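To start, the structure itself, in structure tokens.
The values are calculated or read from the model by the stated rules, or taken from the named source; none is laboratory data. Since we're looking at a predicted model, the values are computed, not measured. Cβ atoms come from the backbone with ideal geometry, glycine included; neighbour counts cover every protein chain shown. Accessible surface is based on the protein model in full, side chains and every heavy atom, while ligands, DNA and RNA are left aside. Shrake-Rupley method; radii C 1.70, N 1.55, O 1.52, S 1.80 Å.
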Amino acid sequence: MKIFIDTANLAEIREAHSWGVIDGVTTNPSLIAKEGRDFIATIHEIAELVNGPVSAEVVAQDAPTMIKEGLLLAKVHKNIVVKIPLTYEGIKACSALSGEGVRTNVTLCFQASQALLAAKAGATYISPFIGRLDDLGVDGVTLIRSIVTIFRNDTDLKTNVLAASIRDPLHVVQVAEAGAHVATIPFKVMKQMFLHPMTDRGNEQFLKDWATVADRDIIGQTTRFLEARK
Ligand code: G3P
């Protein structure tokens, strides 16, 4: 499963990118607004930084303007994927943009029938929002499982399932087990994915024991060892 970061914050993207685990980035109008910066300059900077798909969302609500916005956004950088809301007009725009060879991410998916329509319209990604479903008392991971099954049953459907609205590391594991192709993860959750108290405890013990070793200079010892063998 690929890992995208769900943010428009450059510092977060830079940090996560330095870990070497980021395959792409998703943004949405709320995330862009939070940064208080120019939309196009921001997504261009992100696309230059990360060598992978970067979702940038259209805001028009009618298909012709969505298509116009989408075609322009796609020209900003080769990494841009045009994000489109799952509405009648959005699906229309998705079909047209797919026909033009523009990669699309159909967003705000809350039921499997919507995902099927997006796939028929040639979407590159479909984004089911699992956390927002959980908030309603509906199991979001079940939706991922259902969409993955539908897509596996019809090999003509080439759309990638991009699990969005991820709230915790357990969500990440569950959508990976369910067969999602991508999970887009907020920076906070990414950091949580590193953590386990047993890791910290084990590391502390290793360091405590290591402190009793006479020569603890690994670099010096190794360099001398390797030079002696030349
Ligand atoms: O980017 C779309 C999605 O991941 C938003 O998540 O946390 O606002 O429900 P959230």
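Cβ separations smaller than 7 Å between residues 6+ apart or across chains give the following pairs from the stretch 25-44 residues that are among the aliphatic types (A, V, I, L, M) to residues that are in a loop (DSSP other than H, G, I, E, B): VAL25/VAL50; LEU31/THR7; LEU31/ALA8; ILE32/ALA8; ILE43/THR27. Each residue in the stretch 98-118 was checked for being polar (S, T, N, Q) and within 17 Å of the chain's Cα centre (by Cα), and 3 of them qualify. Quick one: count up the residues across the stretch 67-98 that are acidic (Asp, Glu) and either in contact (Cβ under 8 Å) with a residue 40 or more places away in the chain or touching a Leu at 6+ places or on another chain (Cβ under 8 Å) (or both). Residues flagged as acidic (Asp, Glu) and either in contact (Cβ under 8 Å) with a residue 40 or more places away in the chain or touching a Leu at 6+ places or on another chain (Cβ under 8 Å) (or both) within the stretch 67-98 amount to 0.
Scan the stretch 54-84 residue by residue and report those that are open to solvent by less than 20 Å² (accessible area, probe 1.4 Å) and within 21 Å of HIS17 (Cα to Cα). So that I can check it myself, show each step before the final result.
Here is the first cut: in the stretch 54-84, the residues open to solvent by less than 20 Å² (accessible area, probe 1.4 Å) are 54-56, 58, 60, 63, 66, 70, 73, 79-84.
Correct list: VAL54, SER55, ALA56, ASN79, ILE80, VAL81.
Kindly indicate which of VAL213, VAL175 is among the β-branched types (Val, Ile, Thr), without any contact (Cβ under 8 Å) to a residue 40 or more places away in the chain and out of contact with any His (no Cβ under 6 Å at 6 or more places or on another chain). Checking each option against the conditions leaves just VAL213. As for the stretch 104-111, it holds no residue that is touching a residue at least 12 places away in the same chain (Cβ under 8 Å), more than 16 Å from the ligand (Cβ to nearest atom) and of a type in the set (A, V, I, L, M, F, W, C).
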